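What follows is a set of notes on a single structure, which appears directly below.
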Amino acid sequence: MAATARFLCPPTARAPPKFNCSSTLATQPESAKKRLLSLIASQERGLRTQRSPGALSSIVEAIDAVAALGRGTVTTGASLSATWRLLWTTEKEQLYIIENARWFGTAAGDVLQVIDVEQKALNNVINFPPDGVFFVRSNIEIASSQRVNFRFTSAVLRGKSWEIPLPPFGQGWFENVYLDDEIRVAKDIRGDYLIVERAPYSWKE
């Protein structure tokens, strides 16, 4: 990783007591990720961040630190295929729906991104327990080691016994600036950020 290449370990004889270069390098990514997750933990998936420029600045700084560790890695391979659950975002459309889920007589449940690299498919999903769901289908194309192009193809608002189809409404790209076995951090064409975790289940339409 780029961050690792720039870290120069001091000679063993000059190292401070109990300092271990290899262990420090090993914990560097985990430390940066831990700080990022700590900063977003109280942000209600981004709702609070909208009202706090200071919090947003700190979170973006932490994202940049994690992205530096992910620079040069491949984040668009098979491991991208998963059901991803939203932890935090700056995407106003998603946050608007989450905040106003009361219109459906409920609170927003899990917000998901379901990606299948092999099938070139992506679904954005917002659940409204117990029976409601809004999802947008997209086609995707892997553009580079970290960039994914997408094009919306259709959308559906569905209840227990009804369904309203909606027209597709856009295209763009996002870059996975960091990806590991637990989380993914992305930045999109509009400069919005997305932090998601691997959900403990698989969502199926």
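FYI, it's all coordinate maths here, none of it is from the lab. The structure displayed is predicted, hence computed values, not measured ones. Cβ coordinates were reconstructed from backbone atoms using ideal geometry, including for glycine residues, and neighbour counts include every protein chain displayed.
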Checklist entry - According to a simple spin-label model (label point 7 Å from Cα along Cα-to-Cβ), what is the distance in nm between K92 and E163? => result 3.2
Item to check | Hypothetical label at W103: residues of the range 109-152 whose amide nitrogen lies under 16 Å (7 Å Cα-Cβ projection) | outcome: 109, 126-129, 132-136
Checklist entry - Per the Kirkwood treatment, what hydrodynamic radius in Å, one decimal, follows for the chain from the mean inverse distance over all distinct Cα pairs? => result 18.5
Checklist entry - With no solvent and one point per C-alpha, what does the Debye sum give as log10 I(q)/I(0) for the range 45-121 at q = 0.16 Å⁻¹? => result -0.82
Next on the checklist: For the pairs K34/K120; K33/K92; K92/K204; K120/K204; K34/K92; K160/K204, flag any whose C-alpha to C-alpha distance is greater than 21 Å.
Outcome noted: K34/K120; K33/K92; K92/K204; K34/K92
Checklist entry - Using only helices, what value at 222 nm comes out for the chain when you add -39,500 (n - 2.57) per DSSP H run of length 4 or more and divide by the total residues, to the nearest 500 deg cm²/dmol? => result -7500 deg cm²/dmol
